[in-house]
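Before any comments, here is the structure.
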């Protein structure tokens, strides 16, 4: 869903994902220690951009890029709001390349 929600704190910023983030997302989700741990992922930037275009039209789905205060991309967070649980339904468990 396209939104304008942003948050800052503890030296990082959450900002809405944009189509231009496709290459970063593909790189991040295809790191060796991440593969197979975060669900299905696009294998190329064009496929990721297509997924993002569909995401932009989906209500109740909030996808963020976590970046440093100097705008260096660091991670992703995706929040799915549902009628039952209007809270976090999915968070990509890859933060700073830490294998969990």
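The values are calculated or read from the model by the stated rules, or taken from the named source; none is laboratory data. Everything numeric in this text was worked out from a predicted model, so none of it was measured. Cβ sites come from the backbone with ideal geometry, for glycine too, and all protein chains shown count toward neighbours.
Brief remarks on what is shown
- On the stretch given as segment 22-42, residues that are modelled with pLDDT of 85 or more and out of contact with any helix residue (DSSP H, G or I) (no Cβ under 8 Å at 6 or more places or on another chain) total 8.
- Matching residues in segment 56-76 - criterion: being over 10 Å from the mean Cα position of the chain (by Cα) and within 14 Å of residue 20 (Cβ to Cβ): 56, 67, 71, 73
- The residues in segment 1-37 that are buried (at least 17 other Cβ atoms within 10 Å of the Cβ) and more than 22 Å from residue 71 (Cβ to Cβ) can be counted, and the count is 1.
- Residue match in segment 4-21 (condition: modelled with pLDDT under 90, in contact with a helix residue (DSSP H, G or I) (Cβ under 6 Å, 6 or more places away or on another chain) and under 17 Å from residue 80 (Cα atoms)): no
- Selection of segment 1-44 for residues being more than 14 Å from the chain's Cα centre (by Cα) and in a helix (DSSP H, G or I) yields an empty set.
- Some residue of segment 58-65 being modelled with pLDDT under 90, touching a helix residue (DSSP H, G or I) at 6+ places or on another chain (Cβ under 9 Å) and crowded, with 16+ Cβ neighbours inside 10 Å: yes
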